[in-house]
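Okay, structure first, notes after.
The values are calculated or read from the model by the stated rules, or taken from the named source; none is laboratory data. Everything numeric here is computed off the predicted structure, so don't read it as measured data. All Cβ positions, glycine included, derive from the backbone under ideal geometry; neighbour counts span all protein chains shown. For the accessible areas, the whole protein counts, side chains as well, though only heavy atoms, and no ligand, DNA or RNA atoms are used. Shrake-Rupley method; radii C 1.70, N 1.55, O 1.52, S 1.80 Å.
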Amino acid sequence: LLVSSNALQRIFYLSYAYLTTQDERYAARAEQEMLAASAFSDWNPSHFLDVSEMTMALAIGYDWLHDRLSRHSRSIIGTAIYEKGLRASENAGHAWFFRADNNWNQVCNAGMIYGALATYERAPEYCKALIEKCLASNPTAQKCYDPDGGYPEGFSYWDYGTGFEVMLVAALQSALGTDAGIAAQESFMRSATFMTYMVAPSGKCYNFYDSGSGASCIPAKYWFARQLNDPSVVAVDEQFIRQGRIPSDRLLPIYMLFASGLDLSHSRMPAARVWVNHGIAPVFIYRSGWDNPDDTYFAIKGGRASSNHAHMDAGSFIYESDGVRWAVDLGMHDYNRLEQAGVDLWNMRQDSPRWEIFRLGVESHNTLTFNGHRHDVNGMAEIVEHHDNQRSKGVSIDLTAVFAADAKNVVRTAELDKNDRLTITDRIANGAQAATVSWNMATEADAEIVDTNTILLRQDGKQLYLKLRTKADAEAVIRPDHQYKPFEIVDKGVRTVGFDIRLAAGEEAEVEVSFSPQQK
């Protein structure tokens, strides 16, 4: 995939550079890159993302540089697109993306449509049928944004999957004069705003699932801003550009294409400070403002561990205040390191070795466990209530299905008062066996146990107290350092703090943890 991604970046940049400068060096190098890729024996069809990105790469170069390419080069490149790209989709075992409901559908259908449009004259009936097949398949992936615009695979995969969805619809609009109904789908169009709320005051993102915490301008968002005529969609991206946070993204040229003609001088942040989406991965986000790095930011999620790219993190949260991210999510683990070590990484079943990886399993996430057991991978945690008024902002997530083997009922409620002080309350009805319920939070702060019910965190000259209130038998804990496997990324400077609550069989308990810079 890296080879195909590099090819797409090079050929897209070079083609854009030639069209805007007419400097022959750019066209000549793009031609070399396309001929080199055309000479490959195949584009790795067993991992079809590779085929799709390479097909898109050559399709853009073939189209944008068509009149500049020699007849011989056009023949070689066009044949490669058709034979190694389009015809690879005939293998149903490799082209399972047609049935997928995730980023594979978006990326692969986009690549096939680009190849078919670029070489349409070579085989009109074949290309027409393939485009129609892609357009019949693509709505399956668009449903993942329902009902509210949240993207279930997280920040980084919105950038990937939605980036290629934007490429797909933009090609349809420019080549065929239609958006195939994609731009009319409300939840899809709302998703760019979801990505704005996913950026915290620190400038880091809410990095649940397989995402890093870094954030920068996302070129695809400018298509949404242009389509909606709403510069607020890219207000945070404009901030990133002023800060020099511009990605070396293979789709970067679409920034210039879609930002052109947009009046970005009055791009304002959204008026609302709360985002809520339900669907595959329910998310609640609150921020106290949009202008200050010291603003409060709280985000929490539900979902199920068996979803695409999911971690075992139902009920997990991140929290920023006073310029510090106190509760962290460790985010993605390098795939290659795990696959090279023989980890069955994409096995999402209950007994999968995937959940033994610290970053992916339950231990590293800011949620509950019963007797150290794994969450039920098919248990769905839903947002059951949320509110936003002058007195407080909050959300309740029903975790009962996640703990089906251990508890009768578990509901986690998070509430921020009018002063933006956070309290998390877990209402638990234990099952038929006695249990130690572990309340965990990963942090980069230094930690000290003040007393049985209190933990003091210190970071960047700031402090935060975690204060436990419950009638159950409980104590504050700082977990011992995790014993990483030799091939795992070691998360230096991260520690897990929390509370152990011991419950008798059938016991009911209310566990309240408040967050405050003062001990009282």
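Name the single residue that is nearest to E385 (Cα to Cα) among those in the range 398-446 being among the aliphatic types (A, V, I, L, M) and surrounded by fewer than 20 Cβ atoms within 10 Å (Cβ to Cβ).
V411
Among the residues of the range 458-489, which ones are among the β-branched types (V, I, T), farther than 16 Å from G361 by Cβ and not in a strand (DSSP E or B)?
Matches in the range 458-489: T470 only.
Given the residues R287, R354, which is the only one that is basic (K, R) and under 19 Å from C205 (Cβ atoms)?
One residue alone meets the criteria, R287.
Take S364 and decide whether it is hydroxyl-bearing (S, T, Y) and surrounded by fewer than 23 Cβ atoms within 10 Å (Cβ to Cβ).
Spelling it out, it is not the case that S364 is hydroxyl-bearing (S, T, Y) and surrounded by fewer than 23 Cβ atoms within 10 Å (Cβ to Cβ).
So which of K471, K520, K492 is within 30 Å of R337 (Cα to Cα) and open to solvent by 10 Å² or more (accessible area, probe 1.4 Å)?
Just one listed residue meets the conditions, K492.
Which is at pLDDT 95 or above, farther than 29 Å from N440 by Cα and in contact with a Lys or Arg (Cβ under 8 Å, 6 or more places away or on another chain), of D322, D237?
Matching residue, one of D322, D237: D237.
Which ones in the range 322-361 are out of contact with any Asp or Glu (no Cβ under 9 Å at 6 or more places or on another chain), over 14 Å from D210 (Cβ atoms) and open to solvent by 50 Å² or more (accessible area, probe 1.4 Å)?
Of everything in the range 322-361, those that are out of contact with any Asp or Glu (no Cβ under 9 Å at 6 or more places or on another chain), over 14 Å from D210 (Cβ atoms) and open to solvent by 50 Å² or more (accessible area, probe 1.4 Å) turn out to be Q340, G342, D344, R349, D351, E356.
Among the candidates A57, A37, A7, A27, single out the residue that is open to solvent by less than 60 Å² (accessible area, probe 1.4 Å), more than 33 Å from the chain's Cα centre (by Cα) and touching a residue at least 24 places away in the same chain (Cβ under 8 Å).
A27
For the range 1-34, what are the residues that are over 13 Å from K84 (Cβ atoms) and touching a Ser or Thr at 6+ places or on another chain (Cβ under 9 Å)?
Listed by number, the residues that qualify are Q9, Y26, A27, A30, E31.
Under 6 Å between Cβ atoms, at least 6 apart or on separate chains: pull out the pairs that start in the range 175-193 with a residue that is within 21 Å of Y286 (Cα to Cα) and end on any residue that is crowded, with 19+ Cβ neighbours inside 10 Å and of a type in the set (S, T, Y).
The qualifying pairs are S187/Y145; S191/Y145; S191/Y151.
Where the second residue is part of a helix (DSSP H, G or I) and not basic (K, R) and the first is more than 25 Å from Y197 (Cβ to Cβ) and lies in the range 247-269, which pairs have Cβ atoms under 7 Å and are six or more apart or on separate chains?
Close Cβ pairs (under 7 Å, with a partner that is part of a helix (DSSP H, G or I) and not basic (K, R)) amount to R250/S5; R250/L8; R250/Q9; R250/F12; P253/F12; P253/Y13; P253/Y16.
I want to confirm something. Restricting to the range 495-512 and keeping residues that are of a type in the set (A, V, I, L, M) and open to solvent by 50 Å² or more (accessible area, probe 1.4 Å), which single residue is nearest to V450 (Cα to Cα)?
By that ranking, first place goes to A504.
Could you check, for the range 368-382, whether at least one of its residues is at pLDDT 95 or above, out of contact with any His (no Cβ under 8 Å at 6 or more places or on another chain), part of a strand (DSSP E or B) and over 30 Å from P353 (Cβ atoms)?
no
State which residue is farthest from G361 (Cα to Cα) when the search covers only the range 291-312 and only residues that are assigned to a loop (DSSP other than H, G, I, E, B), in contact (Cβ under 8 Å) with a residue 40 or more places away in the chain and over 17 Å from the mean Cα position of the chain (by Cα).
Among those that are assigned to a loop (DSSP other than H, G, I, E, B), in contact (Cβ under 8 Å) with a residue 40 or more places away in the chain and over 17 Å from the mean Cα position of the chain (by Cα), it is N292.
Taking E153 as the residue in question, decide whether it is touching a helix residue (DSSP H, G or I) at 6+ places or on another chain (Cβ under 7 Å), closer than 14 Å to L251 by Cβ, modelled with pLDDT of 95 or more and open to solvent by less than 10 Å² (accessible area, probe 1.4 Å).
For E153, the condition - touching a helix residue (DSSP H, G or I) at 6+ places or on another chain (Cβ under 7 Å), closer than 14 Å to L251 by Cβ, modelled with pLDDT of 95 or more and open to solvent by less than 10 Å² (accessible area, probe 1.4 Å) - is not met.
Contact list please: Cβ distance under 8 Å, first residue in the range 106-133 and free of Cβ contacts under 8 Å to residues at least 24 places away in the same chain and assigned to a helix (DSSP H, G or I), second residue among the hydroxyl-bearing types (S, T, Y) and surrounded by fewer than 17 Cβ atoms within 10 Å (Cβ to Cβ), pairs at least six apart or on different chains.
Going by the 8 Å Cβ cut-off, the qualifying pairs are K128/Y120.
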